[in-house]
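Contents: one structure, followed by commentary.
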Amino acid sequence: MNKTQKLYARAKELIPGGTQLLSKRPEMFAPELWPAYYDSAEGCRVRDLDGNEYIDMSYMGIGACIVGYADEEIDAAVCRAVKKGNMTTLNAPEEVALAETLCRIHPWASGVRFARSGGESMAVAVRIARAHTRRDIVLFCGYHGWHDWYLAANLSDDRALDGHLLPGLSPRGVPRGLSGTAYPFAYNDTEGFVRLVERYGEKIAAVVMEPIRSEYPHDEFIEAIHTQSRKIGAVLVVDEITAGWRLNYGGAHLKLGIEPDIAVFGKAISNGFPMGAIIGRKEVMSAAQESFISSTYWTDRLGFAASLATLEKIKEKNIPEVLKRNGKAVQEGWKKAAERNSLDIEVEGLYPLSHFSFKYDSASLMQTIFVKEMLERGFLATGGYYASYAHGEAEIESYISAVDEVFGVIARAQSGGELHRLLDTPVKHSGFRRLTK
(Lines give C-alpha, C1' and ligand atoms only; values in the text may rest on other atoms or scores of the structure.)
Protein backbone atom coordinates (compact mmCIF):
# COMPACT_ATOMS: atom_id res chain seq x y z
CA MET A 1 0.00 0.00 0.00
CA ASN A 2 1.09 3.59 -0.59
CA LYS A 3 1.38 6.24 2.16
CA THR A 4 -2.24 7.30 1.77
CA GLN A 5 -3.75 3.83 2.10
CA LYS A 6 -1.44 2.93 4.99
CA LEU A 7 -2.49 6.04 6.88
CA TYR A 8 -6.16 5.34 6.32
CA ALA A 9 -5.72 1.76 7.51
CA ARG A 10 -4.15 3.17 10.69
CA ALA A 11 -6.96 5.72 11.02
CA LYS A 12 -9.57 2.96 11.08
CA GLU A 13 -7.75 1.42 14.04
CA LEU A 14 -7.87 4.71 15.97
CA ILE A 15 -10.93 6.57 14.70
CA PRO A 16 -14.31 4.81 14.77
CA GLY A 17 -15.68 5.11 11.25
CA GLY A 18 -12.29 6.13 9.86
CA THR A 19 -13.13 9.81 9.35
CA GLN A 20 -15.02 12.61 11.10
CA LEU A 21 -17.34 13.11 8.12
CA LEU A 22 -19.24 10.29 6.45
CA SER A 23 -19.05 12.11 3.13
CA LYS A 24 -15.24 11.93 3.21
CA ARG A 25 -15.08 8.21 3.94
CA PRO A 26 -13.19 6.49 1.06
CA GLU A 27 -15.62 3.56 1.15
CA MET A 28 -18.29 5.93 -0.19
CA PHE A 29 -16.35 6.25 -3.45
CA ALA A 30 -13.88 3.43 -4.13
CA PRO A 31 -12.65 1.34 -1.16
CA GLU A 32 -8.85 0.82 -1.10
CA LEU A 33 -8.41 3.23 -4.03
CA TRP A 34 -9.78 6.66 -3.11
CA PRO A 35 -6.93 8.89 -1.80
CA ALA A 36 -8.17 9.60 1.71
CA TYR A 37 -5.71 12.39 2.57
CA TYR A 38 -4.31 15.47 0.91
CA ASP A 39 -0.98 17.19 1.33
CA SER A 40 -1.87 20.48 -0.36
CA ALA A 41 -4.58 22.05 -2.49
CA GLU A 42 -4.97 25.16 -4.64
CA GLY A 43 -7.71 26.26 -7.00
CA CYS A 44 -9.34 22.97 -7.96
CA ARG A 45 -6.18 20.85 -7.73
CA VAL A 46 -5.36 18.50 -4.87
CA ARG A 47 -2.08 16.72 -4.16
CA ASP A 48 -2.18 13.53 -2.08
CA LEU A 49 0.43 12.18 0.33
CA ASP A 50 2.14 10.21 -2.44
CA GLY A 51 2.62 13.24 -4.70
CA ASN A 52 -0.24 12.45 -7.08
CA GLU A 53 -2.11 15.53 -8.31
CA TYR A 54 -5.81 15.45 -9.13
CA ILE A 55 -8.27 17.93 -10.54
CA ASP A 56 -11.18 17.88 -8.12
CA MET A 57 -14.37 17.56 -10.17
CA SER A 58 -16.32 16.02 -7.31
CA TYR A 59 -17.42 17.84 -4.16
CA MET A 60 -14.85 20.63 -3.65
CA GLY A 61 -14.58 20.23 0.11
CA ILE A 62 -18.10 18.73 0.35
CA GLY A 63 -19.55 21.92 -1.08
CA ALA A 64 -17.64 24.31 1.16
CA CYS A 65 -15.08 25.70 -1.29
CA ILE A 66 -17.34 27.63 -3.61
CA VAL A 67 -14.51 29.99 -4.60
CA GLY A 68 -11.77 27.35 -4.74
CA TYR A 69 -9.04 25.90 -2.55
CA ALA A 70 -6.54 28.26 -0.90
CA ASP A 71 -8.02 31.37 -2.49
CA GLU A 72 -5.40 34.10 -2.24
CA GLU A 73 -7.69 36.92 -1.14
CA ILE A 74 -9.71 34.94 1.37
CA ASP A 75 -6.61 33.32 2.84
CA ALA A 76 -4.98 36.76 3.14
CA ALA A 77 -7.96 38.00 5.18
CA VAL A 78 -7.67 34.95 7.44
CA CYS A 79 -3.90 35.41 7.84
CA ARG A 80 -4.43 39.03 8.88
CA ALA A 81 -6.90 37.80 11.50
CA VAL A 82 -4.39 35.19 12.74
CA LYS A 83 -1.66 37.81 13.12
CA LYS A 84 -3.99 40.07 15.12
CA GLY A 85 -4.94 37.21 17.44
CA ASN A 86 -7.67 34.67 16.75
CA MET A 87 -9.01 34.16 20.28
CA THR A 88 -8.93 36.40 23.34
CA THR A 89 -11.07 37.09 26.40
CA LEU A 90 -12.79 39.84 24.37
CA ASN A 91 -14.97 39.57 21.26
CA ALA A 92 -13.85 40.14 17.68
CA PRO A 93 -15.41 43.22 16.00
CA GLU A 94 -15.76 41.24 12.78
CA GLU A 95 -18.65 39.43 14.48
CA VAL A 96 -20.76 42.59 14.36
CA ALA A 97 -19.59 43.38 10.82
CA LEU A 98 -20.75 39.98 9.58
CA ALA A 99 -24.07 40.28 11.41
CA GLU A 100 -24.65 43.66 9.77
CA THR A 101 -23.69 42.27 6.36
CA LEU A 102 -26.11 39.35 6.61
CA CYS A 103 -28.98 41.58 7.74
CA ARG A 104 -28.24 44.01 4.91
CA ILE A 105 -28.41 41.16 2.38
CA HIS A 106 -31.56 39.82 4.07
CA PRO A 107 -33.72 42.83 5.03
CA TRP A 108 -36.37 40.52 6.49
CA ALA A 109 -33.91 39.46 9.24
CA SER A 110 -32.80 41.55 12.20
CA GLY A 111 -31.26 39.00 14.55
CA VAL A 112 -28.15 36.84 14.09
CA ARG A 113 -26.40 34.07 16.03
CA PHE A 114 -23.26 32.28 14.93
CA ALA A 115 -21.86 28.77 15.25
CA ARG A 116 -19.06 26.95 13.45
CA SER A 117 -20.69 24.09 11.52
CA GLY A 118 -23.88 23.40 9.62
CA GLY A 119 -25.26 20.65 11.82
CA GLU A 120 -24.83 22.56 15.06
CA SER A 121 -26.28 25.69 13.41
CA MET A 122 -29.41 23.71 12.59
CA ALA A 123 -29.54 22.45 16.17
CA VAL A 124 -29.36 26.07 17.34
CA ALA A 125 -32.18 27.06 14.97
CA VAL A 126 -34.44 24.25 16.20
CA ARG A 127 -33.64 25.11 19.84
CA ILE A 128 -34.60 28.74 19.19
CA ALA A 129 -37.83 27.69 17.47
CA ARG A 130 -38.78 25.43 20.37
CA ALA A 131 -37.89 28.11 22.90
CA HIS A 132 -39.97 30.69 21.03
CA THR A 133 -43.07 28.51 20.65
CA ARG A 134 -42.64 26.43 23.84
CA ARG A 135 -43.53 23.37 21.75
CA ASP A 136 -41.66 20.17 20.87
CA ILE A 137 -42.61 18.72 17.47
CA VAL A 138 -40.62 19.50 14.33
CA LEU A 139 -41.81 18.76 10.79
CA PHE A 140 -39.03 18.68 8.22
CA CYS A 141 -37.99 17.71 4.72
CA GLY A 142 -34.42 17.30 3.49
CA TYR A 143 -31.13 16.53 5.22
CA HIS A 144 -30.24 18.56 8.29
CA GLY A 145 -27.29 16.91 10.05
CA TRP A 146 -26.49 14.42 12.79
CA HIS A 147 -28.02 15.91 15.93
CA ASP A 148 -30.61 14.22 18.14
CA TRP A 149 -33.54 16.42 17.08
CA TYR A 150 -33.18 15.15 13.47
CA LEU A 151 -32.27 11.49 13.98
CA ALA A 152 -35.21 11.20 16.40
CA ALA A 153 -37.36 10.71 13.29
CA ASN A 154 -35.81 7.24 12.93
CA LEU A 155 -36.64 6.12 16.47
CA SER A 156 -40.12 4.86 15.62
CA ASP A 157 -39.36 4.06 11.96
CA ASP A 158 -35.73 3.35 11.18
CA ARG A 159 -36.34 4.16 7.50
CA ALA A 160 -38.10 7.50 8.00
CA LEU A 161 -35.03 9.42 6.84
CA ASP A 162 -34.17 7.22 3.85
CA GLY A 163 -35.64 9.64 1.33
CA HIS A 164 -33.77 12.61 2.77
CA LEU A 165 -30.30 12.28 1.14
CA LEU A 166 -28.62 9.52 3.17
CA PRO A 167 -30.35 6.16 3.73
CA GLY A 168 -29.72 3.92 6.70
CA LEU A 169 -28.92 6.58 9.31
CA SER A 170 -28.92 4.89 12.70
CA PRO A 171 -30.57 6.64 15.70
CA ARG A 172 -28.63 4.50 18.17
CA GLY A 173 -27.61 6.71 21.08
CA VAL A 174 -30.54 9.09 20.56
CA PRO A 175 -32.78 9.02 23.67
CA ARG A 176 -35.94 6.99 23.15
CA GLY A 177 -37.80 9.76 24.91
CA LEU A 178 -37.41 11.88 21.76
CA SER A 179 -39.62 9.50 19.78
CA GLY A 180 -42.54 11.42 18.32
CA THR A 181 -40.79 14.79 18.26
CA ALA A 182 -39.70 14.88 14.58
CA TYR A 183 -41.65 13.86 11.48
CA PRO A 184 -40.47 14.00 7.86
CA PHE A 185 -42.44 15.03 4.79
CA ALA A 186 -41.36 14.80 1.16
CA TYR A 187 -40.31 17.87 -0.80
CA ASN A 188 -43.18 19.11 -3.01
CA ASP A 189 -45.61 16.71 -1.28
CA THR A 190 -48.20 19.33 -0.35
CA GLU A 191 -50.84 16.81 0.72
CA GLY A 192 -48.44 14.89 2.95
CA PHE A 193 -47.31 18.08 4.64
CA VAL A 194 -50.86 19.31 5.25
CA ARG A 195 -51.81 15.92 6.74
CA LEU A 196 -49.01 16.24 9.30
CA VAL A 197 -50.09 19.77 10.19
CA GLU A 198 -53.67 18.60 10.64
CA ARG A 199 -52.52 15.72 12.83
CA TYR A 200 -50.18 17.63 15.16
CA GLY A 201 -51.47 21.20 14.84
CA GLU A 202 -50.39 23.56 17.61
CA LYS A 203 -47.94 21.03 19.03
CA ILE A 204 -45.61 21.90 16.13
CA ALA A 205 -42.70 24.17 17.04
CA ALA A 206 -41.05 24.40 13.64
CA VAL A 207 -41.34 23.54 9.98
CA VAL A 208 -37.82 22.93 8.65
CA MET A 209 -36.95 22.64 4.97
CA GLU A 210 -34.17 22.97 2.47
CA PRO A 211 -35.34 25.62 -0.02
CA ILE A 212 -34.11 23.50 -2.92
CA ARG A 213 -31.74 20.64 -3.65
CA SER A 214 -32.43 18.69 -6.84
CA GLU A 215 -35.73 20.17 -8.04
CA TYR A 216 -37.57 23.48 -7.91
CA PRO A 217 -40.50 23.85 -5.50
CA HIS A 218 -44.08 23.91 -6.79
CA ASP A 219 -46.00 27.12 -6.15
CA GLU A 220 -48.74 25.32 -4.21
CA PHE A 221 -46.12 23.63 -2.02
CA ILE A 222 -44.54 26.93 -0.99
CA GLU A 223 -47.96 28.49 -0.48
CA ALA A 224 -48.96 25.63 1.81
CA ILE A 225 -45.69 25.90 3.77
CA HIS A 226 -46.36 29.60 4.38
CA THR A 227 -50.09 29.32 5.07
CA GLN A 228 -49.99 26.30 7.35
CA SER A 229 -46.94 27.44 9.34
CA ARG A 230 -48.51 30.83 10.03
CA LYS A 231 -51.89 29.33 10.86
CA ILE A 232 -50.50 27.21 13.68
CA GLY A 233 -47.82 29.70 14.76
CA ALA A 234 -44.88 27.43 13.90
CA VAL A 235 -41.44 28.86 13.11
CA LEU A 236 -40.44 28.35 9.46
CA VAL A 237 -36.76 27.44 9.27
CA VAL A 238 -34.97 27.37 5.90
CA ASP A 239 -31.75 25.33 5.78
CA GLU A 240 -29.48 27.09 3.26
CA ILE A 241 -26.36 25.16 4.26
CA THR A 242 -26.12 23.31 0.94
CA ALA A 243 -28.04 25.60 -1.42
CA GLY A 244 -26.92 28.96 -0.06
CA TRP A 245 -24.93 31.36 -2.29
CA ARG A 246 -24.95 29.00 -5.30
CA LEU A 247 -28.06 30.13 -7.18
CA ASN A 248 -27.85 33.75 -6.16
CA TYR A 249 -26.22 36.15 -3.72
CA GLY A 250 -28.00 35.71 -0.42
CA GLY A 251 -29.60 32.29 -0.61
CA ALA A 252 -32.11 30.32 -2.64
CA HIS A 253 -35.08 31.39 -0.47
CA LEU A 254 -34.75 34.95 -1.80
CA LYS A 255 -34.92 33.70 -5.38
CA LEU A 256 -37.77 31.26 -4.76
CA GLY A 257 -40.06 33.59 -2.79
CA ILE A 258 -39.81 31.65 0.47
CA GLU A 259 -40.37 33.85 3.53
CA PRO A 260 -38.78 32.18 6.55
CA ASP A 261 -38.61 33.15 10.19
CA ILE A 262 -35.09 31.72 10.42
CA ALA A 263 -32.49 30.93 7.73
CA VAL A 264 -29.33 28.93 8.39
CA PHE A 265 -26.05 29.17 6.46
CA GLY A 266 -22.84 27.16 6.48
CA LYS A 267 -20.40 25.58 4.00
CA ALA A 268 -20.02 28.13 1.19
CA ILE A 269 -20.41 31.17 3.45
CA SER A 270 -16.73 30.94 4.44
CA ASN A 271 -15.06 28.95 1.62
CA GLY A 272 -13.77 26.11 3.76
CA PHE A 273 -13.18 27.79 7.11
CA PRO A 274 -15.48 26.68 9.98
CA MET A 275 -18.55 28.90 10.09
CA GLY A 276 -22.29 28.77 10.59
CA ALA A 277 -24.87 31.54 10.75
CA ILE A 278 -28.45 31.58 12.02
CA ILE A 279 -30.39 34.69 10.99
CA GLY A 280 -34.01 35.48 11.70
CA ARG A 281 -36.81 37.80 12.67
CA LYS A 282 -36.14 39.71 15.89
CA GLU A 283 -39.17 38.40 17.76
CA VAL A 284 -38.13 34.80 17.06
CA MET A 285 -34.38 35.18 17.53
CA SER A 286 -34.83 36.91 20.89
CA ALA A 287 -35.80 33.49 22.29
CA ALA A 288 -32.09 32.59 22.12
CA GLN A 289 -31.70 34.63 25.32
CA GLU A 290 -34.22 32.40 27.08
CA SER A 291 -32.26 29.19 26.38
CA PHE A 292 -28.61 28.42 27.10
CA ILE A 293 -26.91 28.51 23.67
CA SER A 294 -23.19 29.23 24.07
CA SER A 295 -19.79 27.93 22.93
CA THR A 296 -16.22 29.25 23.13
CA TYR A 297 -15.19 28.63 19.53
CA TRP A 298 -18.28 30.29 18.13
CA THR A 299 -16.38 33.51 18.88
CA ASP A 300 -13.14 32.79 17.03
CA ARG A 301 -12.03 35.53 14.66
CA LEU A 302 -11.16 33.36 11.64
CA GLY A 303 -14.70 32.32 10.79
CA PHE A 304 -15.91 35.91 10.70
CA ALA A 305 -12.93 37.12 8.67
CA ALA A 306 -13.24 34.28 6.17
CA SER A 307 -16.98 34.85 5.74
CA LEU A 308 -16.66 38.59 5.18
CA ALA A 309 -13.98 38.04 2.52
CA THR A 310 -15.91 35.19 0.89
CA LEU A 311 -19.18 37.11 0.64
CA GLU A 312 -17.35 40.09 -0.85
CA LYS A 313 -15.78 37.91 -3.53
CA ILE A 314 -19.02 36.06 -4.32
CA LYS A 315 -20.67 39.41 -4.99
CA GLU A 316 -17.76 41.03 -6.82
CA LYS A 317 -17.19 38.10 -9.21
CA ASN A 318 -20.90 37.19 -9.57
CA ILE A 319 -19.91 33.66 -8.67
CA PRO A 320 -23.44 32.15 -8.79
CA GLU A 321 -23.56 32.83 -12.55
CA VAL A 322 -20.21 31.09 -13.01
CA LEU A 323 -21.41 28.09 -11.00
CA LYS A 324 -24.55 27.77 -13.11
CA ARG A 325 -22.53 27.98 -16.32
CA ASN A 326 -20.04 25.36 -15.13
CA GLY A 327 -22.75 23.03 -13.89
CA LYS A 328 -24.66 23.27 -17.16
CA ALA A 329 -21.52 22.41 -19.14
CA VAL A 330 -20.90 19.36 -16.94
CA GLN A 331 -24.50 18.10 -17.11
CA GLU A 332 -24.56 18.46 -20.90
CA GLY A 333 -21.16 16.74 -21.08
CA TRP A 334 -22.44 13.77 -19.08
CA LYS A 335 -25.51 13.42 -21.31
CA LYS A 336 -23.57 13.61 -24.57
CA ALA A 337 -20.90 11.17 -23.36
CA ALA A 338 -23.57 8.70 -22.28
CA GLU A 339 -25.39 9.01 -25.60
CA ARG A 340 -22.20 8.52 -27.62
CA ASN A 341 -21.41 5.36 -25.65
CA SER A 342 -24.99 4.02 -25.48
CA LEU A 343 -25.05 4.17 -21.67
CA ASP A 344 -28.29 4.71 -19.79
CA ILE A 345 -27.75 7.35 -17.09
CA GLU A 346 -29.98 9.73 -15.17
CA VAL A 347 -28.82 13.33 -14.72
CA GLU A 348 -30.47 15.44 -12.04
CA GLY A 349 -29.94 18.36 -9.73
CA LEU A 350 -29.46 22.08 -10.06
CA TYR A 351 -26.54 23.12 -12.22
CA PRO A 352 -24.31 24.07 -9.25
CA LEU A 353 -25.23 20.79 -7.48
CA SER A 354 -25.27 18.19 -10.24
CA HIS A 355 -25.53 14.41 -10.03
CA PHE A 356 -25.65 11.47 -12.40
CA SER A 357 -26.36 7.79 -11.80
CA PHE A 358 -26.17 4.63 -13.89
CA LYS A 359 -29.59 3.07 -14.52
CA TYR A 360 -28.55 -0.55 -14.20
CA ASP A 361 -28.80 -3.27 -11.55
CA SER A 362 -25.00 -3.13 -11.34
CA ALA A 363 -25.02 0.66 -10.74
CA SER A 364 -22.83 0.57 -7.61
CA LEU A 365 -20.22 -1.52 -9.39
CA MET A 366 -20.29 0.79 -12.41
CA GLN A 367 -19.98 3.86 -10.17
CA THR A 368 -16.96 2.37 -8.41
CA ILE A 369 -15.33 1.59 -11.74
CA PHE A 370 -16.02 5.15 -12.87
CA VAL A 371 -14.22 6.53 -9.79
CA LYS A 372 -11.28 4.16 -10.29
CA GLU A 373 -10.85 4.94 -13.97
CA MET A 374 -11.13 8.70 -13.40
CA LEU A 375 -8.51 8.54 -10.64
CA GLU A 376 -6.16 6.88 -13.10
CA ARG A 377 -6.74 9.84 -15.45
CA GLY A 378 -6.00 12.42 -12.77
CA PHE A 379 -9.48 13.37 -11.54
CA LEU A 380 -11.32 13.18 -8.24
CA ALA A 381 -14.67 12.31 -9.77
CA THR A 382 -17.83 10.67 -8.46
CA GLY A 383 -21.49 10.70 -9.41
CA GLY A 384 -21.71 14.27 -8.12
CA TYR A 385 -20.31 17.59 -9.27
CA TYR A 386 -20.35 20.62 -6.95
CA ALA A 387 -19.44 23.60 -9.10
CA SER A 388 -16.68 25.96 -8.02
CA TYR A 389 -15.41 29.29 -9.33
CA ALA A 390 -11.99 27.59 -9.57
CA HIS A 391 -13.18 25.30 -12.37
CA GLY A 392 -12.07 26.91 -15.62
CA GLU A 393 -13.02 25.96 -19.17
CA ALA A 394 -9.82 23.93 -19.60
CA GLU A 395 -10.51 21.80 -16.51
CA ILE A 396 -14.11 21.20 -17.52
CA GLU A 397 -13.19 20.26 -21.09
CA SER A 398 -10.48 17.83 -19.97
CA TYR A 399 -12.87 16.34 -17.42
CA ILE A 400 -15.64 15.77 -19.98
CA SER A 401 -13.11 14.22 -22.37
CA ALA A 402 -12.04 11.78 -19.64
CA VAL A 403 -15.69 11.03 -18.78
CA ASP A 404 -16.36 10.17 -22.43
CA GLU A 405 -13.38 7.81 -22.45
CA VAL A 406 -14.38 6.11 -19.16
CA PHE A 407 -18.02 5.79 -20.22
CA GLY A 408 -16.71 3.94 -23.27
CA VAL A 409 -14.70 1.55 -21.10
CA ILE A 410 -17.74 0.88 -18.89
CA ALA A 411 -20.12 0.49 -21.84
CA ARG A 412 -17.92 -2.07 -23.56
CA ALA A 413 -17.52 -4.08 -20.34
CA GLN A 414 -21.25 -3.87 -19.65
CA SER A 415 -22.21 -5.17 -23.08
CA GLY A 416 -19.65 -7.97 -22.80
CA GLY A 417 -20.67 -8.97 -19.30
CA GLU A 418 -17.17 -8.22 -18.00
CA LEU A 419 -17.68 -5.38 -15.54
CA HIS A 420 -16.19 -7.38 -12.65
CA ARG A 421 -12.95 -7.75 -14.59
CA LEU A 422 -12.41 -4.00 -14.30
CA LEU A 423 -12.38 -3.98 -10.48
CA ASP A 424 -10.35 -6.07 -8.05
CA THR A 425 -11.28 -4.04 -4.95
CA PRO A 426 -14.60 -3.79 -3.03
CA VAL A 427 -17.62 -1.94 -4.41
CA LYS A 428 -18.54 1.45 -2.94
CA HIS A 429 -20.89 1.75 0.01
CA SER A 430 -24.22 3.49 -0.38
CA GLY A 431 -25.58 5.36 2.61
CA PHE A 432 -24.51 4.86 6.21
CA ARG A 433 -22.76 1.59 6.96
CA ARG A 434 -20.73 0.49 9.97
CA LEU A 435 -17.09 -0.23 9.16
CA THR A 436 -15.98 -3.61 10.41
CA LYS A 437 -12.28 -3.18 9.62
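The values are calculated or read from the model by the stated rules, or taken from the named source; none is laboratory data. Remember, predicted model here, so these are calculated numbers, not experimental data. Heads up, the Cβs are rebuilt from the backbone with ideal geometry, glycines too, and the neighbour counts pull from every protein chain shown. What goes into the accessible areas is simple: the full protein's heavy atoms, side chains included, and nothing from ligands, DNA or RNA. Shrake-Rupley method; radii C 1.70, N 1.55, O 1.52, S 1.80 Å.
Here the calculated FRET efficiency for Glu316 and Lys359, from their Cβ-Cβ distance with R0 = 41 Å, stands at 0.50, rounded to the nearest 0.05. Across region 388-396, rounded Karplus estimates of 3J(HN,Hα) from the backbone phi angles (6.51 cos²θ - 1.76 cosθ + 1.60, θ = phi - 60°) give 9, 4, 6, 7, x, 4, 4, 5, 5 Hz, Gly and Pro being marked x. Note on region 203-288: antiparallel DSSP beta bridges, both residues inside, total approximately 35 percent of the bridges counted. Report, to the nearest whole %, how much of the accessible area of region 27-174 belongs to carbon and sulfur atoms, 1.4 Å probe, protein only. Answer for region 27-174 is 49 percent, counting heavy atoms of protein chains only.
Taking amide H as placed 1.01 Å from N in the peptide plane, Asp39 has its amide H under 5 Å from the amide H of Arg47, Asp48, Leu49, each at least 5 places away in sequence or on another chain. Distance between the 7 Å Cα→Cβ label points at Glu191 and Asp136: 3.1 nm.
Note on region 231-342: dipole from Cβ charges, positive end direction compared against Ala243, Phe292, Phe273; the farthest Cα belongs to Ala243. Shape class for region 46-131: prolate, because the ratio a/c of the largest to smallest gyration tensor axis (alpha-carbon atoms, square roots of eigenvalues) is 1.5 or more and a/b beats b/c.
Size descriptor for the chain, Kirkwood hydrodynamic radius: 22.8 Å (Cα pairs only, one decimal).
Report note on the peptides 27-38, 106-117: ranked by the mean count of other C-beta atoms within 10 Å, highest first, their order is 27-38, 106-117. For the chain, the share of DSSP beta bridges that are antiparallel, to the nearest 5, is 60%.
With a 1.4 Å probe and every protein chain left in place, tell me how much accessible area Phe356 has, in Å² to the nearest 10. Approximately 10 Å² of Phe356 is accessible to the 1.4 Å probe. When the charge dipole of the chain is built from unit charges on Cβ atoms (+1 for Lys and Arg, -1 for Asp and Glu) and taken about the Cα centre, the candidate among Met57, Ala11, Gly257 whose Cα reaches farthest toward its positive end is Ala11. Ligands, DNA and RNA left out, the 1.4 Å accessible surface of region 291-437 is 45% carbon and sulfur atoms.
Extending 7 Å from Cα along the Cβ direction at Ala70 and again at Glu198 yields two label points whose distance is 5.9 nm. Each peptide in 13-20, 2-9 gets a packing score, the mean of other Cβ atoms within 10 Å over its residues, and the list from highest to lowest is 2-9, 13-20. Here the Karplus relation 6.51 cos²θ - 1.76 cosθ + 1.60, evaluated at θ = phi - 60°, turns the backbone of region 112-125 into coupling constants of 9, 10, 10, 9, 10, 7, x, x, 6, 5, 5, 5, 5, 4 Hz, with x for every Gly and Pro. To put it simply, the accessible area of region 193-261 at a 1.4 Å probe is 44 percent carbon and sulfur.
Each Lys and Arg contributes +1 and each Asp and Glu -1, all at the Cβ; summed about the Cα centre of the chain, the dipole is approximately 1040 debye. Each Lys and Arg contributes +1 and each Asp and Glu -1, all at the Cβ; summed about the Cα centre of region 211-255, the dipole is approximately 140 debye. With 20 Å as the limit on Cα-Cα distance, the pairs of Lys267/Lys428; Lys83/Lys317; Lys267/Lys335; Lys267/Lys313; Lys12/Lys428; Lys3/Lys24 that go past it are Lys267/Lys428; Lys83/Lys317; Lys267/Lys335. If the chain linking Ala11 and His420 were pulled fully straight, counting 0.36 nm for each residue of separation and taking away their Cα-Cα distance, it would gain 144.4 nm.
Global size of region 139-244: 13.2, 39 Å for Rg and Dmax (C-alpha atoms, Rg to one decimal, Dmax whole).
Might you report the magnitude of the Cβ-based charge dipole of region 101-207 about its Cα centre, with Lys and Arg at +1 and Asp and Glu at -1, to the nearest 20 debye? Roughly 460 debye for region 101-207. Across the chain, the mean sequence separation of Cα contacts (distance under 8 Å, 6 or more residues apart), normalised by length, yields a relative contact order of 22 percent.
Separation of region 77-119 and region 359-393, taken as the distance between their Cα centroids, equals 36 angstrom.
Each label was represented as a point 7 Å from its Cα along the Cα-to-Cβ direction; for His147 and Glu223 these points are 3.3 nm apart. When you count the other C-beta atoms within 10 angstrom of each residue and take the mean per peptide, 340-350, 240-250 line up highest first as 240-250, 340-350. Remark: the chain carries 46 Å² of accessible area per residue (probe radius 1.4 Å; ligands, DNA and RNA excluded). Positive end of the dipole of region 308-379 (Cβ unit charges, origin at the Cα centre): among Gly327, Val347, Leu308, the Cα lying farthest that way belongs to Leu308.
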